[in-house]
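The block underneath contains the structure these notes are about, expressed in structure tokens.
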Amino acid sequence: MRKFTDINYHIYPQDIRIQIKDFVQYIEKDEVCLVTVNGSNYWIYRYEGALNGIDNASVVVLA
């Protein structure tokens, strides 16, 4: 699995262009969900909005 720190995707929350790797610092605890996959726990954040020229995309970010 590729990490977002290795990818230069840009999202546009509130019409502000930002790389996903920089956006994660603004995610609040009440905006994430804890999921368990094969015994490992991950905090995830679901973003829905513009992504690199796509008007409406959904992205799940491991936070």
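The values are calculated or read from the model by the stated rules, or taken from the named source; none is laboratory data. Note that this is a predicted model, so its numbers are computed, not measured. All Cβ positions, even for glycine, are placed from backbone atoms using ideal geometry, and neighbour counts span all protein chains on display. Heads up: the accessible areas ignore ligands, DNA and RNA and are worked out on the full protein's heavy atoms, side chains in. Shrake-Rupley method; radii C 1.70, N 1.55, O 1.52, S 1.80 Å.
So the values come out like this:
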{"item": "Listed peptides 38-45, 14-21 by packing density, highest first (mean Cβ within 10 Å)", "result": "14-21, 38-45"}
{"item": "Options 40, 8, 51, ranked by Cα towards positive dipole end of the chain, top entry (Cβ charges)", "result": "40"}
{"item": "Amide H contacts of residue 57 (H built 1.01 Å from N, under 5 Å, at least 5 apart or other chain)", "result": "49, 50, 51"}
{"item": "Cα-derived Rg to Rh of the chain, Kirkwood definition", "result": "0.97"}
{"item": "Within the range 18-33, backbone nitrogen closer than 15 Å to the virtual label 7 Å beyond the Cα of residue 46 toward Cβ", "result": "31-33"}
{"item": "Residue-level accessible surface for residue 34, protein heavy atoms, 1.4 Å, Å²", "result": "100 Å²"}
{"item": "Debye, to nearest 20: dipole size of the chain, +1 on Lys, Arg Cβ, -1 on Asp, Glu Cβ", "result": "260 debye"}
